[in-house]
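The values are calculated or read from the model by the stated rules, or taken from the named source; none is laboratory data. Quick caveat, the model's predicted, so the values are computed rather than measured. Cβ coordinates were reconstructed from backbone atoms using ideal geometry, including for glycine residues, and neighbour counts include every protein chain displayed. Surface areas here come from the heavy atoms of the whole protein model, side chains and all, with no ligands, DNA or RNA. Shrake-Rupley method; radii C 1.70, N 1.55, O 1.52, S 1.80 Å.
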Amino acid sequence: MFTIGEFSKLSGLTVKTLRFYHEEGLLLPAFVDPDTGYRYYEERQIETGRVIAYLRNLELSISDIKELLGRADEAGLLELLERQRSQIKQQIKRLQKTVRSLDQFISEERQGLAMAEISEDVSEKNLDAMLVAGIRMKGRYSECGKGFARLGRSFGRLICGKPLLLHYDNEFREEDADFEACLPIRQRKSVEGASVRELPGVRCVALIHTGPYDQMGRSYAKVLKWIKERNYKVVQPTREVYLKGPGMIFRGNPKNYVTEIQIPVEIMIGN
């Protein structure tokens with residue numbers, strides 16, 4: 001066996017540190033002389049001491065090192081460290097993915113703020129009644145494209161305007177949103193699963209939003225602020241008219257999408 005001084009040189013741990021680790025139960029001597037109190041270590045403990053020294057240099061806490069060493073089996077400490085390294089590499093991959101996601105989110109938020117500064121002003125206008133074909137759906141908002149595609153195939157040359165989406169909820173819903181994909185058409189045509197009707201004319205508060213759909217929150221905030229300041233009452237369903245958006249084949253650049261938010265309102269008596 002090795003004295004504590006000899007073991008200190010072999011393991012890279014100071015004598016003071018070895019005494020401290022003994023007290024903490026992290027690295028126990030193989031033998032302690034009951035008469036002198038001298039500590040002695042075995043050759044098999046050298047690897048453990050070197051691993052502990054390395055882990056402490058990585059700023060792992062004593063409790064963390066205890067937990068790690070407690071999971072060591074017959075395969076030995078080096079094999080344990082190899083497994084730990086593999087887990088850390090997987091964590092790094094996840095963190096790198098998180099960093100990329102954060103970078104993208106920060107960039108998009110900055111672009112959204114910039115676009116909000118130069119967006120058009122809120123306005124009020126009267127919308128004429130129009131003949132539309134619609135497919136009412138429940139699900140994610142992103143699924144509305146399926147409805148538009150179906151309407152496009154069914155009504156073809158009868159389409160006479162920009163696609164619009166009617167929102168029937170008064171709150172954001174992630175999985176079960178209630179909405180209707182609509183297309184203006186020239187004349188009535190009976191199609192199974194589609195509602196052909198006249199969308200009534202309304203007074204609305206409107207705003208042109210330029211940019212991705214997931215950046216529309218700020219534009220909606222402007223419109224709703226306008227409505228609240230004038231004590232108007234929102235009339236469902238609200239509308240989004242897609243003046244410029246993704247095509248049937250190419251998605252295009254979301255920065256260039258142009259959407260008109262139209263919120264029908266009722267002017268309260270006394271306003």
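Of note, LEU183 does not satisfy the criterion of being part of a strand (DSSP E or B) and under 27 Å from GLN111 (Cβ atoms). Within region 181-226, being more than 24 Å from GLU124 (Cβ to Cβ), of a type outside the set (Gly, Ala, Ser) and touching a residue at least 24 places away in the same chain (Cβ under 8 Å) holds for LEU183, ILE185, ARG186, GLN187, ARG188, LYS189, VAL191, VAL196, ARG197, PRO212, ASP214.
Candidates are the residues of region 124-133 that are open to solvent by less than 70 Å² (accessible area, probe 1.4 Å) and out of contact with any Leu (no Cβ under 7 Å at 6 or more places or on another chain); the one that is farthest from PRO200 (Cα to Cα) is GLU124. Figure legend. Inter-residue proximity from region 95-109: first residues more than 21 Å from GLN215 (Cβ to Cβ), second residues small (Gly, Ala, Ser), beta-carbon distance below 8 Å, spacing 6+ or different chains. No pairs are indicated.
On the stretch given as region 1-17, residues that are without any contact (Cβ under 8 Å) to a residue 24 or more places away in the chain and surrounded by 15 or more Cβ atoms within 10 Å (Cβ to Cβ) total 2. Among the residues making up region 136-167, those that are open to solvent by less than 30 Å² (accessible area, probe 1.4 Å), without any contact (Cβ under 8 Å) to a residue 60 or more places away in the chain and within 34 Å of the chain's Cα centre (by Cα) are GLY139, CYS144, GLY147, LEU151.
Looking at region 1-71, the helices (runs of 4 or more DSSP H) lying wholly inside it that each contain 3 or more residues that are among the small types (Gly, Ala, Ser) sit at 4-11.
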